[in-house]
Amino acid sequence: MREYLGGKATVDELYFPTKGWAGLTLRTYRPASHTWSIYWVSDTDGKLGPPVVGGFHGNRGEFYGEDHDQGRPMKVRFIWIKLDHDHSRREQAFSYDDRTWETNWIADFVGADPGKVSLMAVRNAETPLGRTKRERHDQLQENPMICRIWHGTTPRSKADAYTSFLEQRAIPDYRSIPGNLRVAVLRRDEAEITHFLTVTHWDSEESIRAFAGDDLLKAKYYPEDHDYLLEFEPQVQHFVVTAIETAP
């Protein structure tokens, strides 16, 4: 998610690899009414839809709006729930009678702040991070660090074996590439599935190209992944690290 106008506007992109499409969310904040307006645009038609409007009370936000479903008017409700520091849930529901709501979309999100994922030394030995915030800021501006994030899911019963595979196969592969600065594997268990994130840091796109090939955002998989993963998400996400804090 990217912030603009001092945090009064945010934008993020969502990819649905199993559906074959993607979309963009635009949120704008009105200080006078303390409300947010949330707009959605899909890559299928490029149209900015009507907003849902609302606000937050504690860890829960509710937003309401009006739209049409194949010409049929309906009300739209969007709920955003902060579950804990690193997890949130978003739900969408429609109502055609102003009384009952039908939930038709639920998404769970896992935070992966590159500045807080076990990062102590995220530059190579030849270019250590500066000791002060100003030194680190100037260093990152001159030599931007790239954070590459991959997501995958396995059956819960195979999660331990996949963790061992990542430790023995994937992590050494990452670390063998000159320019790879750091590797972290994140895991979250649910009732029947387990989510994995690999969060890696690189000194340049050229280093990533040596690992992933010319299509930088294409996910890299191993033959053994077919024994574990439930689906193969086609792309990863890249972020430029603009600020970082280290242990004193």
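Taking the convex hull of the alpha carbon positions in segment 1-89 and averaging its projected area over all directions gives 7.2 nm². Rounded to 0.05, the FRET efficiency of the residue 224 and residue 5 pair, given R0 = 45 Å and the Cβ-Cβ distance, is 0.45. For every other residue with a beta carbon closer than 10 angstrom to the beta carbon of residue 1, add +1 if it is Lys or Arg and -1 if Asp or Glu, then tell me the sum. Every neighbour counted, the sum reads -1. Each Cα pair under 8 Å and six or more residues apart adds its separation to the average, and for segment 133-241 the resulting relative contact order is 40 percent.
Neighbours of residue 96, meaning other residues whose beta-carbon lies under 15 angstrom from its beta-carbon, give a summed charge of -2 when Lys and Arg score +1 and Asp and Glu score -1.
Among residues other than residue 238 with Cβ under 10 Å from its Cβ, the summed charge is 0 (Lys and Arg +1, Asp and Glu -1). As a calculated quantity, the FRET efficiency between residue 93 and residue 214 at R0 = 45 Å, using C-beta atoms, amounts to about 0.60. Residue separation of residue 190 and residue 161 scaled by 0.36 nm, minus their Cα-Cα distance, works out to 8.8 nm of gained length.
Where a number appears in this text, it was derived from the coordinates with a stated rule and is not lab data. This one's a predicted model, so the numbers in the text were calculated from it and none came from an experiment. No Cβ is skipped: glycine too gets one built from the backbone with ideal geometry, and neighbour counts run over all protein chains shown.
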